[in-house]
Amino acid sequence: MSWEASQFSLADFYYSDSDSPLTPPADYVAWRRDTAWATSLYEPVLCDPAGPINRLRTATGEQRVINMTSYGYLGLVRHPKVIAAAKQALDDYGTGACGSPILSGKSTLYQALEIKLSALTGYPAVLLFNSGFGGALGCAAGLMRKGDVAVVDARAHISMVDGLKVGGAKIAFFEHNSARALDEVLSAHNGARRLIFVDGLYSMDGDLADLPALIAVAESHGVGILVDEAHSFLCCGNTGGGVVEHFGMRAKVGVQYGTLSKAFSCGGGFAAASTDLIDYLRFYANTYGFTCAMPPSVVAAASAVIDVMQTETWRRAQLWENAAYFRTQLQSLGINTGESTSYVVPIVVGENRALLYQLGHQLREHGLFVTPVDYPTVALDQARFRASVTALHTRALLDQALQIIEDVFVPAMREKGLLRARAM
Amino acid sequence: MTREEVLAVVARHLASSVDGLDPKTIDPMRSMKDYGANSLDIVEVVSGAMRELKVKVPRTELNKLTNLDGLVGLLYDIKSNTGELAKP
C-alpha cells in the first residue's frame with residue numbers, strides 16, 4: 001500500500017459525501033483501487049470443503065494451504081453422519097422451508113432441533129434463526145427499545161450492536177471484560193431499564209468472558225445478561241453448552257445466544273431462554289418471523305451434529321489440546337497472542353498495517369492460510385492474523401504451520417523490532 | 001472560518017448525539033467520552049463535522065487525539081490550508 005492508502009481504513013468511508021446514496025464515495029473507490037493488492041487476501045475462493053488442508057483458487061490454478069481460518073472448530077463439516085442426515089432431509093423435505101417459521105416454515109425436523117437445543121442448553125425454550133448474525137441482531141432489537149440502556153462489552157460482536165441500533169436503545173460500552181468498568185457503567189445508568197451484552201468467546205481475541213466476575217456485578221445491580229456464544233457453543237463446557245456451562249452460570253444468564261454456523265458447520269443461530277421470553281421474541285425479533293425458516297437439510301445437519309457430539313467427545317478434547325499446543329509454541333517464538341486462552345489465536349503484528357498485508361501474502365505463498373484482521377475491526381495498534389485451530393489439525397500440520405511462521409513472520413517482525421524476546 | 005466556528009460545528013454534532021447536552025456548555029478541554037459519547041457516537045460526530053466542513057482526515061490520525069480541542073485544532077488547520085492532511 002502507498003503511504004496515502006495505508007493512512008485510510010474502512011472507518012473513513014462509512015459516512016459518504018457523494019451526491020447520491022447509489023454512488024459510493026469517490027475517495028472510497030480510489031482507495032479500494034490503491035489497496036487492491038493488499039486486500040486481495042480477502043474473499044479467497046476454496047476449491048473443497050473447509051478443513052485442515054484446503055486448495056485455494058489462484059490466478060494460475062490452485063494452491064494447497066494449511067487452513068487456519070475455519071470456524072469449523074470441531075471438524076464436522078465433512079462428517080458422514082451429518083452429510084447423510086442432510087441428504088436424507090433433501091429427499092424427505094425438499095430444498096427449502098418455503099415459509100416463515102411463524103406461518104408455515106416449521107417441519108418435524110425443525111421442531112426436533114428446537115427440543116435438542118433446549119436439552120443441550122438447559123433452557124426450557126429455543127428460537128431458531130436462519131442466520132447467526134441475523135438472529136443476534138433480531139434478539140438485540142427485539143429486547144431493547146428507545147429509553148433502555150444496553151450495557152455492552154467494548155469488544156462485543158457487531159451483530160448485537162447493529163441490533164441495538166435498530167431497536168433504538170442507548171448503547172453504553174464498558175471496558176472489555178472489566179467487572180470494575182461494568183460496575184461504573186451500570187451505576188452511571190442507574191434507574192434505566194438495562195441489559196448487559198457480552199460474547200462468550202471473543203472472536204478476534206480468543207479470550208472468554210469473565211462471567212463469574214461480570215455476573216456478580218450484574219446481580220449486585222439487579223441487571224440481567226445476554227451471552228453470545230457464537231464461537232463457544234459446542235466447544236466449551238463439559239457437554240458443549242458453552243462458556244455459560246463452563247463457568248456453571250446457566251441459572252444466572254437470561255439469554256444464551258448461539259450459532260449453528262461455527263462449530264456446528266451448518267448455518268443459522270438460536271436463542272435459548274425462558275418460555276415467556278422466547279414467546280415474546282417470537283413476535284418481536286423480526287429476523288425470526290419475517291424471513292424464511294432454515295432449509296430442512298441445514299436443520300437436519302445441525303440436529304445430527306448434536307447426536308454426533310454425544311459420542312465423539314474426543315473432538316472437544318482434541319480441539320483444546322491442539323489450541324494449547326499451537327498457542328504455546330507461538331509464544332515460545334516471541335509472538336504476541338494477545339489475551340487468547342482458546343482455539344482462536346491472534347498473531348499480533350501491531351500498528352504496521354502495510355506489514356500485515358505484506359506478511360499475509362508471504363504466509364499464503366508459503367502455504368499457510370490465516371486471516372488478516374485490520375483496523376477498525378481491531379484497535380489500530382492491534383492489527384493481526386486470526387488463526388483458528390480445529391480438532392482435525394494434526395500435530396504434524398500444526399508443526400508445518402509453525403515452521404512457516406518461524407520462517408516468514410518471525411524474521412520480518414524481528415527486523416522491524418516488533419517481536420518480543422523469545423521465551424525460554 | 002475561525003477556530004471558534006469549527007468548535008461550534010463539532011459541539012453541535014456532539015450535542016445531537018448525546019441526550020440532554022447543551023452545546024454551549026461544552027468544554028473543549030474535555031473528551032467526547034467525558035460527555036457520555038460511545039465509540040459509535042464519536043464516529044457520527046466526527047464524520048458529520050468533517051462532511052459539514054468539507055475536510056477529510058484519516059481516522060488513524062484522529063485516534064491520536066485526546067480531547068475536543070485537539071480535534072478542533074486539527075480540523076481547523078486542515079480547513080485553513082488545503083483541506084487535506086499534510087504528508088510526512
Between A:Ala188 and A:Ala379, the two model label points (7 Å from Cα along the beta-carbon direction) sit apart by a distance in nm of 1.7 nm
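P(r) tail for the stretch B:3-80, what percent of Cα pairs lie past 22 Å?
Values: 304 of 3003 pairs.
The share of Cα pairs beyond 22 Å in the stretch B:3-80 comes to 10 percent.
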If the label point sits 7 Å along Cα→Cβ of A:Arg180, residues of the stretch B:1-40 with amide N under 20 Å come out as B:33-34
For the stretch A:107-124, in residue order, the Karplus 3J(HN,Hα) values (coefficients 6.51, -1.76, 1.60; θ = phi - 60°; whole Hz; Gly and Pro = x) are 10, 5, 4, 4, 5, 5, 5, 4, 5, 5, 5, 4, 5, 6, 7, x, 9, x
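If you take the square roots of the eigenvalues of the alpha-carbon gyration tensor of the stretch A:104-228 and sort them as a ≥ b ≥ c, do you get rounded (a/c under 1.5), prolate (a/b over b/c) or oblate? It would help to have the intermediate numbers written out before the result.
Working: a/c = 1.92, a/b = 1.62, b/c = 1.19.
Prolate shape, in that a/c is at least 1.5 and a/b is the bigger ratio.
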For the stretch A:1-136, the convex hull over Cα atoms projects on average to an area in nm² of 13.9 nm²
Per-residue accessible area, 1.4 Å probe, largest first, puts A:Cys235, A:Cys98 in the order A:Cys98, A:Cys235
Residues whose modelled amide H sits under 5 Å from the amide H of A:Ala391, counting only those 5 or more places away in sequence or on another chain, are A:Leu74, A:Gly75
The value for the stretch A:80-311 (convex hull of the alpha-carbon atoms, volume per residue, Å³) is 105 Å³
Phi-derived 3J(HN,Hα) across the stretch A:360-366 with the Karplus relation (6.51, -1.76, 1.60, θ = phi - 60°), rounded Hz, x for Gly and Pro, is x, 5, 5, 4, 5, 4, 8
Here the stretch A:87-101 yields Karplus 3J(HN,Hα) values (6.51, -1.76, 1.60; θ = phi - 60°; whole Hz; Gly and Pro given as x) of 5, 4, 5, 4, 5, 7, 10, x, 7, x, 7, 6, x, 5, x
Expected integer from the mean partner chain Cβ neighbour count at 10 Å over A:178-185 is 0
What helix-only [θ] at 222 nm does chain A give? Using -39500 (n - 2.57) per DSSP H run of at least 4, over all residues, to the nearest 500, the answer is -12000 deg cm²/dmol
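Mind checking B:60-68 for the average number of partner chain beta-carbons within 10 Å of each residue's beta-carbon? Don't skip to the end; give the middle numbers.
Values: counts 11, 3, 2, 7, 1, 0, 0, 0, 0.
The per-residue average across the peptide is 3.
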With Cα springs under 10 Å, the Gaussian network model of chain A assigns the largest mean-square fluctuation among A:Gly258, A:Gly138, A:Gly61 to A:Gly61
Inter-part gap, Cα centre of the stretch A:246-319 to Cα centre of the stretch A:179-225, in whole angstrom, is 22 Å
Per residue of B:32-42, other chain Cβ atoms within 10 Å number on average 2
Honestly chain A on the Cα gyration tensor test (a ≥ b ≥ c root eigenvalues; a/c under 1.5 rounded, otherwise a/b vs b/c for prolate or oblate) is just rounded
Restricted to pairs 8 or more residues apart or on different chains, the lysines in the stretch A:80-311 with C-alpha atoms under 23 Å apart form a number of pairs equal to 12
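Listed highest first by mean packing, meaning other Cβ atoms within 10 Å per residue, what order do B:18-29, A:407-418 come in?
Values: B:18-29: 12.5, A:407-418: 15.1.
Top of the packing list down: A:407-418, B:18-29.
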Across A:Val45, A:Val370, A:Val349, the residue with the highest GNM fluctuation in chain A (Cα network, 10 Å cutoff) is A:Val45
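For chain A, what does the relative contact order come out to in percent, with C-alpha contacts under 8 Å and a separation of six or more? Walk me through the intermediate numbers first.
On the way: 850 pairs, mean separation 89.0, N = 424.
Once normalised by length, the contact order is 21 percent.
The values are calculated or read from the model by the stated rules, or taken from the named source; none is laboratory data. Model, not experiment: these values are computed from the prediction. No Cβ is skipped: glycine too gets one built from the backbone with ideal geometry, and neighbour counts run over all protein chains shown. We work out accessible area using only protein heavy atoms, side chains counted, and drop any ligands, DNA or RNA first. Shrake-Rupley method; radii C 1.70, N 1.55, O 1.52, S 1.80 Å.
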